1. Only strands (runs of 3 or more DSSP E) wholly contained in the stretch B:66-113 count here; list those with 2 or more residues that are of a type in the set (A, V, I, L, M, F, W, C) and under 13 Å from the mean Cα position of the chain (by Cα).
2. Anything in the stretch B:63-80 that is closer than 20 Å to A:Ala99 by Cα, away from every other protein chain (no Cβ under 14 Å) and free of Cβ contacts under 8 Å to residues at least 40 places away in the same chain? List them, or say none.
3. For the stretch A:93-112, enumerate the residues that are of a type outside the set (D, E, K, R), more than 10 Å from the chain's Cα centre (by Cα) and part of a strand (DSSP E or B).
4. Are any residues in the stretch B:31-51 more than 7 Å from every other protein chain (Cβ to nearest Cβ), more than 16 Å from B:Leu111 (Cα to Cα) and surrounded by fewer than 19 Cβ atoms within 10 Å (Cβ to Cβ), and if so, which ones?
5. Only one residue in A:Ser85, A:Ser14 is touching a residue at least 24 places away in the same chain (Cβ under 8 Å), surrounded by 17 or more Cβ atoms within 10 Å (Cβ to Cβ) and small (Gly, Ala, Ser). Which one?
6. From the residues in the stretch B:81-96 that are more than 13 Å from B:Gln37 (Cα to Cα) and either polar (S, T, N, Q) or touching a Gly at 6+ places or on another chain (Cβ under 6 Å) (or both), which one is nearest to the other protein chains (Cβ to nearest Cβ)?
7. Given the condition β-branched (Val, Ile, Thr) and either surrounded by fewer than 17 Cβ atoms within 10 Å (Cβ to Cβ) or at pLDDT below 95 (or both), answer yes or no: does some residue in the stretch A:31-38 qualify?
8. Select from the stretch A:63-77 the residues that are in contact with a Lys or Arg (Cβ under 9 Å, 6 or more places away or on another chain) and within 17 Å of A:Ser93 (Cα to Cα) and list them in ascending order.
Amino acid sequence: GDSVTQMEGPVTLSEEAFLTINCTYTATGYPSLFWYVQYPGEGLQLLLKATKADDKGSNKGFEATYRKETTSFHLEKGSVQVSDSAVYFCALSDTGRRALTFGSGTRLQVQP
Amino acid sequence: DTAVSQTPKYLVTQMGNDKSIKCEQNLGHDTMYWYKQDSKKFLKIMFSYNNKELIINETVPNRFSPKSPDKAHLNLHINSLELGDSAVYFCASSQGEGRETQYFGPGTRLLVL
C-alpha cells in the first residue's frame, strides 16, 4: 500500500535559518503530492502541491519539487520566521483512491 | 465564507454517550471525508463519500456511522463513546477522483471522560 515517511521532529531553528523537511513516499499509482500545515490549535491548510514529476510547488516562500526518481518531495524555505512555527505534514493522493495518506508530521519551532 | 465547516468545535462528554459531529462544504465538491488525528498528531482516513455513496470505510469500529444526506453534508455519529475515541476529527472535501486537493474543516476536538 501507499506510505509517506517524514523526518522526525521537532526541528528547532533560529529565525532566518534555512529549512529542509525531508519526505519520501511509496505509491502503487502516480500520486499527487502535498504539504499541509497545521498551526497550533487550528485545522489543516494546504501549503503547496505538485501533481507530476519535476513539478515544483511553492507558496509563502516554501518550495518542494516532485522527484519521481528518488520518490521524494522535500520541503524547503530559505529564511524561516517565528510565524512559521507549526506542524508540517507531507501527504499523497494516489490514482483512483479518494483519500490522503499522511506522514507522521514534523513540528517546526522557530526561535527569535 | 467558510469553505468547509464543522460543528461543534469542541465536544466534551462522558463514556458511553452517543454524539454527532456535523460537516458542511460550500465548494460544490462531490467527495467528502472524515479523518481522525490522534494525540500524536497522526492523521488517518476513516470514511469517504462520493455523491452520497460510501466509497472508503477503513477499519473503524461499528460504533462510528457516517451519514451523507446530500453532496454538501457529511455527518459522523458515534455510539457508546470510549476513552480511546478522544481525538480531533477533521472533515474534508475534494472534487474528482484520487489526486485532487482536499480542503479541510477546522476540526472537532472530542474529549471523552
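1. B:73-78, B:87-94
2. Across the stretch B:63-80, the qualifying residues are B:Phe64, B:Ser65, B:Lys67, B:Asp70.
3. A:Ser93, A:Leu100, A:Thr101, A:Leu108, A:Gln109, A:Val110, A:Gln111
4. Across the stretch B:31-51, the qualifying residues are B:Lys44, B:Asn51.
5. Only one candidate passes the filter, namely A:Ser85.
6. Among residues in the stretch B:81-96 that are more than 13 Å from B:Gln37 (Cα to Cα) and either polar (S, T, N, Q) or touching a Gly at 6+ places or on another chain (Cβ under 6 Å) (or both), the one nearest to the other protein chains (Cβ to nearest Cβ) is B:Ser94.
7. No, because not a single residue in the stretch A:31-38 is β-branched (Val, Ile, Thr) and either surrounded by fewer than 17 Cβ atoms within 10 Å (Cβ to Cβ) or at pLDDT below 95 (or both).
8. Across the stretch A:63-77, the qualifying residues are A:Ala64, A:Thr65, A:Tyr66, A:Lys68, A:Phe73, A:His74.
The values are calculated or read from the model by the stated rules, or taken from the named source; none is laboratory data. The shown structure was predicted, so the numbers you read here are calculated from the model rather than taken from an experiment. A quick note on method: Cβ atoms are made from the backbone with ideal geometry, for glycine too, and the neighbour counts reach across all protein chains shown.
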